[in-house]
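Student: Sending over a structure as structure tokens; questions will come in a sec.
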Amino acid sequence: MRAADALDARRVVVKIGSSLLVDEDGQVREAWLDGLAADVTELVARGQQPIIVTSGAIALGRRQLGLKRRPQRLDEKQAAAAVGQIVLAHAYQERLGRVGLRTGQVLVTLDDTEDRRRYTNARATLDTLLRLGVVPVVNENDTVATTEIRFGDNDRLSARVAVMATAETLVLLSDVDGLYTADPRRDPEAAHLPVVEAITSEVEAMAGGAGSMVGTGGMVSKLVAARIATSAGCSVVLAKGHVDRPLTAIAAGARATLFPVRLSARRARKDWIAASLSAAGSLTIDAGALGALKRGSSLLPAGVTRVEGEFGRGDAVLVRAADGSPVAKGLVAYDATEARRLAGRRTEEIESLLGWRGRDELIHRDDLVLL
């Protein structure tokens with residue numbers, strides 16, 4: 001598998017660093033963003049679902065606030081982010097809108113990717129935006145973050161978003177064209193690595209420090225992101241972003257480093273649900289629902305006959321057959337109280353029973369694994 005092949009994935013997350021998007025004067029590189037928009041348009045035209053994870057809010061806000069250098073204090077960073085996020089969102093809306101794409105801003109923190117309930121809600125939002133043909137533009141919510149604004153966090157965030165979205169490929173656009181055996185700026189003997197099968201201690205030792213004065217990431221943070229993503233079944237491409245059409249360049253064979261995976265993102269997610277999560281409760285289902293699950297369907301409220309335990313939305317629950325035997329495990333879309341109200345009822349009754357309308361499924365098939 002080559003880096004170019006990884007771009008054929010159904011769902012692709014593209015991470016953009018500050019130094020690619022924002023120039024040294026704190027202004028958006030509009031021509032570069034136009035090229036990225038053209039690349040994203042081609043992905044959409046092929047039926048793919050791109051997600052953009054972008055840095056740049058603090059760098060853009062710095063100029064708006066008249067700060068001479070990169071903010072160091074947390075309150076200054078958050079103030080710059082508050083101003084810069086508006087500029088950043090407008091830049092994406094305008095430039096992607098010119099090529100006929102709708103965009104939606106999603107602000108998250110690393111905590112959102114680690115808290116089960118917020119993780120589930122954010123994942124549902126991304127899925128809905130993509131289903132409606134909207135390109136999500138994800139940025140870290142630096143205005144409310146505390147310890148998160150630090151070295152290379154958006155690299156790690158992009159990996160968490162890729163895992164959350166069950167993406168097959170994460171593209172890390174950087175100021176270098178991949179991983180080398182040493183820093184190529186200092187060592188003329190440094191060799192480029194087109195494929196890294198595993199992130200070993202030897203590979204980690206090859207990583208260098210941070211790069212430009214605009215960005216905050218470095219090769220170390222890229223490897224951390226690659227480890228997170230590949231362990232969840234998402235291949236990672238590390239490539240040079242300082243070209244007019246970065247995704248087109250990768251597809252045409254430009255030098256890049258691929259971190260491949262052997263398990264699909266969906267299979268890795270199901271393995272994680274089956275083996276790593278303890279069940280907070282259980283749902284007993286009838287024979288009709290059991291047959292539907294075995295055919296690959298989601299679990300609907302109508303097939304549930306009993307709800308046991310106390311659990312929240314996004315928690316793992318066991319699914320039991322009528323005789324009590326465990327047949328599946330999954331992440332439930334409603335808490336225990338809501339599930340009890342919905343058990344045995346039709347999906348069109350959800351809103352009248354709860355006073356609001358959530359998902360049609362108690363457990364979506366993407367969040368369920370048969371045991």
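Student: Can you spot the lysines whose alpha carbon is less than 18 Å from LYS240's alpha carbon? Ignore those fewer than 8 places along the same chain.
Tutor: LYS15, LYS222
Student: What is the set of long-range amide H partners of GLY104 at a cut-off below 5 Å, with H atoms built 1.01 Å from backbone N?
Tutor: Excluding prolines and chain starts, which carry no amide H, the hits are VAL135, VAL137.
Student: Name the helices (complete DSSP H segments) of the chain with a Cα length along the long axis of 15 Å or more and a Kyte-Doolittle mean of at least -1.0, or state none.
Tutor: Sorted by number, the helices that extend far enough and score high enough are 30-45, 74-97, 153-164, 219-231, 265-276.
Student: Taking only DSSP H segments of four or more residues, each worth -39500 (n - 2.57), what value at 222 nm results for the chain once the sum is divided by all its residues, to the nearest 500 deg cm²/dmol?
Tutor: -11500 deg cm²/dmol
Student: Using a basic spin-label model with each label point 7 Å from the Cα along Cα→Cβ, how many nm lie between ASP183 and HIS242?
Tutor: In this crude label model, ASP183 to HIS242 measures out at 1.5 nm.
Student: Related question: Can you tell me what share of the DSSP beta bridges in the chain is antiparallel? A percent to the nearest 5 is fine.
Tutor: 40 percent
Student: Shifting gears a bit: Starting from the Cα of LYS77, draw a straight line to each of the lysines and keep only those under 19 Å, dropping any in the same chain fewer than 8 residues away.
Tutor: LYS68
Student: With each pseudo-label sitting 7 Å past Cα toward Cβ, what's the TRP356-ARG98 distance in nm, one decimal?
Tutor: In this crude label model, TRP356 to ARG98 measures out at 3.9 nm.
Student: Under 5 Å between amide hydrogens, which residues at least 5 positions from THR305 or on another chain qualify, with H placed 1.01 Å from N in the peptide plane?
Tutor: For THR305, the qualifying residues are THR284, ILE285, ASP286.
Student: Same structure again: Between ALA287 and GLU24, what's the calculated FRET efficiency when r is the beta-carbon distance and R0 is 56 Å? Round to 0.05.
Tutor: In this case the efficiency is close to 0.25.
Student: Hey, rough spin-label estimate for ALA252 and ARG346, points 7 angstrom out along Cα→Cβ, what's it come to in nanometres?
Tutor: 5.7 nm
Student: When ranked by the protection proxy of mean other Cβ atoms within 10 Å per residue, highest first, what sequence do the peptides 253-259, 170-176, 350-356 form?
Tutor: Packing proxy ranking, top to bottom: 170-176, 253-259, 350-356.
Student: Can you give me the % of accessible surface on the chain that is carbon or sulfur? Probe 1.4 Å, all protein chains present, nothing else counted.
Tutor: 49 percent
Student: Right, here's the next one. Could you let me know the centre-to-centre spacing of the stretch 11-41 and the stretch 74-91, using Cα atoms, in angstrom?
Tutor: 17 Å
Student: OK, next. Please list 3J(HN,Hα) in residue order for the stretch 170-183, calculated via the Karplus relation 6.51 cos²θ - 1.76 cosθ + 1.60 where θ = phi - 60°; whole Hz, with x for glycine and proline.
Tutor: 10, 9, 9, 7, 9, 8, 10, 9, x, 8, 10, 5, 7, 5
Student: Just tell me which lysines come within less than 19 Å, Cα to Cα, of LYS270; anything on the same chain fewer than 8 places away is out.
Tutor: Within the straight-line limit of under 19 Å, LYS270 reaches these lysines: LYS294, LYS329.
Student: Given a Förster radius of 25 Å and the C-beta distance between ALA191 and ARG2 as r, what FRET efficiency does 1/(1 + (r/R0)^6) yield to the nearest 0.05?
Tutor: Working from the Cβ atoms, E equals 0.90.
Student: Take ARG306, project a point 7 Å from its Cα along the Cβ direction, then tell me which residues of the stretch 278-297 have their backbone nitrogen under 20 Å from it.
Tutor: It comes to 279-293, nothing else.
Student: Further question on the same structure: Tell me, what is a quarter of the convex hull surface for the C-alpha atoms of the chain, in nm² with one decimal?
Tutor: Orientation-averaged projected area of the Cα hull: 19.5 nm².
The values are calculated or read from the model by the stated rules, or taken from the named source; none is laboratory data. Just so we're clear, the structure is a prediction, and the values are computed from it rather than from any experiment. We place every Cβ from the backbone using ideal geometry, glycine too, and count neighbours over all the protein chains shown. These area figures cover heavy atoms from the full protein model, side chains too; ligands, DNA and RNA do not enter into them. Shrake-Rupley method; radii C 1.70, N 1.55, O 1.52, S 1.80 Å.
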